[in-house]
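Data first, discussion second: the structure below is written as structure tokens.
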Amino acid sequence: MSKNESEEMKNLPIITIQGTPEVISESNQTPQFATISLSQPAPAGGLPIDYIFTAENNAVVGEDLVVDLDASTNIVSLEPSADGIGGVVTIAEGATTATVVTLPLVDKDSDEEVLGVQLTQAEGFDIDSNKNSFVVKIVDEKPVIKYSGGPNLISESEQNTATASISLSQPAPSGGLAIDYIFTSEDTAVVGEDLTVDLEASQNIDSLTFTPDGTGGVVTITEGATEATVVVLPVVDNDTDEEILNVQLTSAQGYNIDSEVNNFFVKIVDEKPVIKYSGGPNLISESEQNTATASISLSQPAPSGGLAIDYIFTSEDTAVVGEDLTVDLEASQNIDSLTFTPDGTGGVVTITEGATEATVVVLPVVDNDTDEEILNVQLTNAQGYDIDSEVNNFFVKIVDDLPEPKYNLVSGTSGDDLLIAGIDFDAVGNTIFTGAGDDEVDLFGGNKNRVNAGSGNDVIYVSSKDRVFGGAGDDEFDATDGMGKNRMSGGIGNDVFYLGKNDRAFGGKGKDKFFVQSGGGNILFGGKGSDEFWIVNQEISQFPNTIVDFEVGNDVIGILGSSSLGIDTSTLKLNEVDSNTEIAFSGKILAILNGVTGLDIETSIVLA
């Protein structure tokens, strides 16, 4: 080479190439970027640059990797040579940098591949000998599957579900991902007998099959999914033994199973649902014709067709149904039928399908017999349910005339008091002053009691014809099990009222909350402050409730469980009648707002 030629070579513009990153993964689909830099813009028509694959190269374009020309920049073309040992890449006219993007292809070969490229020449340019090549390693890390779930304890009686969760570090391939699974040696549960798979509630599951020998099966994850769930539900059977479901994944083509997160364990217990039976008041009068109500509570809804419960009249029972008392089935709730055995020793009461609460209302019959009668009933049996031995009695004494209440004075202390009717004071006709402190007063089973709870955050359970005043503090009033005709006043503070039927509740000063339940027929006064009137709470009350002082823009109406009941802004109706507003759903009046018109569902009613 002459001296002049050597000088010309020194003055040529320079080309360099750099590749990043040095390792890419099939499983993560990591792209690789080869950046070509020119010290002078590419000439008109572009700049062709010859390249070769280096000696360490064993990657095959089209099999192990592919060039993504759409993602590449300033690349006019990339043409491989016929012998496959290199090719030509053409840089766009005027460009000083260009990038070639390659992506690894997922294959069944677990060996590593190496891509090695070296630039060799370009007319009018010099290749920097120190920066003329790059090497990238293509690794074959398989995507990972994790398998877990919960809860670990479900109950036949409660019918709660367990969910197995399958997580993929890479989306399931075209056609879905089939994963083999086995039931471990600890597994004792039989699918179809002890549990069922709820495929409708499951997510991203194309299919779930079982091997003929029952030792496992295959679950197929939906194409493109990275998360999937399988929901299992216990089957109610006559076997009281516990069953265990224990599942592990074993293999999935092209994926690894995480050995540390690969177990779905659930214990299925056979606790029967429980029935509680109680009621009150314990004293009713022929002359006053006041009623007593037996309450039946189920820890699990009554099954299809209703729940038949056997009952007996105990040895203490002297009352005769039809002579000394009658059953008011119209006033009773969730009772399909009530029958008596031919010998008069008991009978069967049937609870309405789906109900968890039911009541039987009894009314005394006026007769010429001045003797007291006693009604004493216990439940004995219900298929698939246990009777709570500690809460299983309905006791009522029937008298001709109720004794005049004595109005005994009962006083608390300056501390936190717990006062229970029938234990700490007579159940009927007391005047109770609890004083300061966070007090709790339970009047259930009594009637005609008066309570002044004083200052503090107090809790008062009312019964029948009670008059209670919370005083200062954030008080709680519970009339859920009451017999009605109670008057509750919150006083100063943010008070909460849980209402049953036929009561009056006064919130007083403060941000008060009223929760209406199954009975209804209550009269509600919010008082001063921004109050909340929850007129529906997962169930619709039998009778509408009247709100006397609802203030638009300050107070709010609440409906809890709206979606499950089918209540929304389109199904809820506002009817203005005689300057009042009736809130109705499905032809049933839920509440009456006295003196209120122009109510806006969007601003005054909360659906939750």
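The values are calculated or read from the model by the stated rules, or taken from the named source; none is laboratory data. For clarity, every value in this text was computed on a predicted model and none was experimentally measured. Please note: Cβ atoms are built from the backbone with ideal geometry, for glycine as well, and neighbour counts cover all protein chains shown.
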Discussion item. Filter region 406-423 down to the residues that are part of a loop (DSSP other than H, G, I, E, B) and surrounded by 19 or more Cβ atoms within 10 Å (Cβ to Cβ) and list them by number.
Written reply: GLY412, ASP417
Practice prompt. Among the residues of region 321-337, write down those that are without any contact (Cβ under 8 Å) to a residue 60 or more places away in the chain, in a loop (DSSP other than H, G, I, E, B) and within 14 Å of GLU286 (Cα to Cα).
Written response: GLY322, GLU323
Worksheet entry | Among the candidates ILE145, ILE138, residue that is at pLDDT below 90, of a type outside the set (Gly, Ala, Ser) and surrounded by 15 or more Cβ atoms within 10 Å (Cβ to Cβ) | ILE138
Fill in: Residue list for region 15-30, restricted to those being surrounded by 15 or more Cβ atoms within 10 Å (Cβ to Cβ) and not aliphatic (A, V, I, L, M)
THR16, GLY19, SER25, GLU26, SER27, THR30
Fill in: Qualifying residue in region 274-291 (condition: surrounded by 17 or more Cβ atoms within 10 Å (Cβ to Cβ), in a loop (DSSP other than H, G, I, E, B) and hydroxyl-bearing (Ser, Thr, Tyr))
yes
Practice prompt. Find the residue count for region 424-464, including only residues that are in a loop (DSSP other than H, G, I, E, B), within 29 Å of TYR277 (Cα to Cα) and within 39 Å of the chain's Cα centre (by Cα).
Written response: 8
Fill in: Residues being outside any strand (DSSP E or B) and either free of Cβ contacts under 8 Å to residues at least 12 places away in the same chain or touching a Leu at 6+ places or on another chain (Cβ under 9 Å) (or both) - total across region 225-257
6
Worksheet item: How many residues does region 585-606 contain that are surrounded by fewer than 17 Cβ atoms within 10 Å (Cβ to Cβ) and in a helix (DSSP H, G or I)?
Response: 3
Practice prompt. Check whether at least one residue in region 547-556 is under 24 Å from SER464 (Cβ atoms) and buried (at least 17 other Cβ atoms within 10 Å of the Cβ), and report yes or no.
Written response: yes
Worksheet, complete the sentence: Only unsatisfied item for ALA228, checking (1) over 29 Å from the mean Cα position of the chain (by Cα); (2) more than 27 Å from GLU63 (Cβ to Cβ); (3) buried (at least 20 other Cβ atoms within 10 Å of the Cβ), is (1)
Discussion item. Which count do you get for residues in region 560-584 that are part of a strand (DSSP E or B), surrounded by fewer than 19 Cβ atoms within 10 Å (Cβ to Cβ) and within 25 Å of the chain's Cα centre (by Cα)?
Written reply: 1
Response to the item:
All conditions in (1) modelled with pLDDT under 85; (2) within 32 Å of the chain's Cα centre (by Cα) are true of ASP317 except (2)
Discussion item. So for region 184-203 (the condition being out of contact with any helix residue (DSSP H, G or I) (no Cβ under 9 Å at 6 or more places or on another chain), over 23 Å from ASP237 (Cβ atoms) and not assigned by TED's automatic domain parsing to the domain that holds PRO301), does at least one residue qualify?
Written reply: yes
